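Asker: Structure incoming, see below.
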Amino acid sequence: MNKIIMDKDYYHLNNEELNIKITKKNITIEIDGKVIINDFDTIEDTNIKLILNDNSNLIYNKFNKDISNINVDIIVNNNTYLEFNESLYETIESICNINTNILGNDNKSIINFYGVTNQKGSINVKATGDINKNITNNDMLENIRILSLNDTNNVIIPNLLVSSDEVNVNHNATISGIDNNYLFYLESKGLNKEEAINLIYKGFLISKLNIKEEEKENIKF
């Protein structure tokens, strides 16, 4: 798979599959055709704008560690498929905003945000889905989950702003700790507690990334 350093303000992608590293504070990526993006190496705060043109298909897999601010604005036009998968591991305070603006008809949009907090880390995430009026045949899911390995406060704000009657929209939002039953099971198989916790949270973060097995090796926890 191709890998590029994104160091410009604007990119247009058409029928591509690539690994990226973003080095710009503000970046716009316009999508045509079928595009798969794996963004595992970006280490700076970013403001990303994604534009899905008519008849486009985007799977965006994003993993970040210890980033304080993430802002993603997504514009969806007509007859598109969007799957935006963000996995975030934080030992610092983090604020995340994911805004999806549905402008057209016949779209399916899935937003998966899975976060883990450890040490002094915390996550405040706001996901907003804005469905314009007078549009039809749209499916949207916001799936926001945080796994807390510490005792800091985490916040999920799921917003669905729906101005059309002919759409199907849902959201899930959970904040939880590790299930002691999972720990007991793994420890019964010979793992110590630290090893069991690491296995659980890494599996949690990878679970919603739509990537091949070999791509999982590119993720550095």
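The values are calculated or read from the model by the stated rules, or taken from the named source; none is laboratory data. These figures come from a predicted structure and were not determined experimentally. Note that we place each Cβ from the backbone using ideal geometry, even for glycine, and neighbour counts take in every protein chain shown.
Asker: Could we say that Glu166 is at pLDDT 90 or above, farther than 26 Å from Ile43 by Cα and loosely packed, with under 15 Cβ neighbours inside 10 Å here?
Answerer: Answer is no for this residue.
Here is a yes/no grid of residues against (1) surrounded by 17 or more Cβ atoms within 10 Å (Cβ to Cβ); (2) within 18 Å of the chain's Cα centre (by Cα):
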site: Lys3; (1), (2): no, no
site: Leu13; (1), (2): yes, no
site: Glu17; (1), (2): no, yes
site: Thr23; (1), (2): no, no
site: Gly33; (1), (2): no, no
site: Ile36; (1), (2): yes, yes
site: Asn47; (1), (2): no, yes
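Asker: For the stretch 202-217, state whether one or more residues are touching a Leu at 6+ places or on another chain (Cβ under 7 Å) and within 20 Å of Lys108 (Cα to Cα).
Answerer: no
Asker: Closer than 27 Å to Thr100 by Cα, exposed (fewer than 15 other Cβ atoms within 10 Å of the Cβ) and at pLDDT 95 or above - does that describe any residue in the stretch 170-181?
Answerer: Scanning the stretch 170-181 turns up at least one residue that is closer than 27 Å to Thr100 by Cα, exposed (fewer than 15 other Cβ atoms within 10 Å of the Cβ) and at pLDDT 95 or above.
Asker: Which members of the stretch 121-178 meet the condition of being touching a Leu at 6+ places or on another chain (Cβ under 9 Å), in a loop (DSSP other than H, G, I, E, B) and over 19 Å from Ile200 (Cβ atoms)?
Answerer: Asn132, Ile135
Asker: Take the residues in the stretch 166-220 that are free of Cβ contacts under 8 Å to residues at least 12 places away in the same chain and among the hydroxyl-bearing types (Ser, Thr, Tyr), then tell me which one is farthest from Asn19 (Cα to Cα).
Answerer: Ser188
Asker: Mind counting the residues in the stretch 1-15 that are under 22 Å from Ile219 (Cα atoms), of a type in the set (D, E, K, R) and at pLDDT 95 or above?
Answerer: 1
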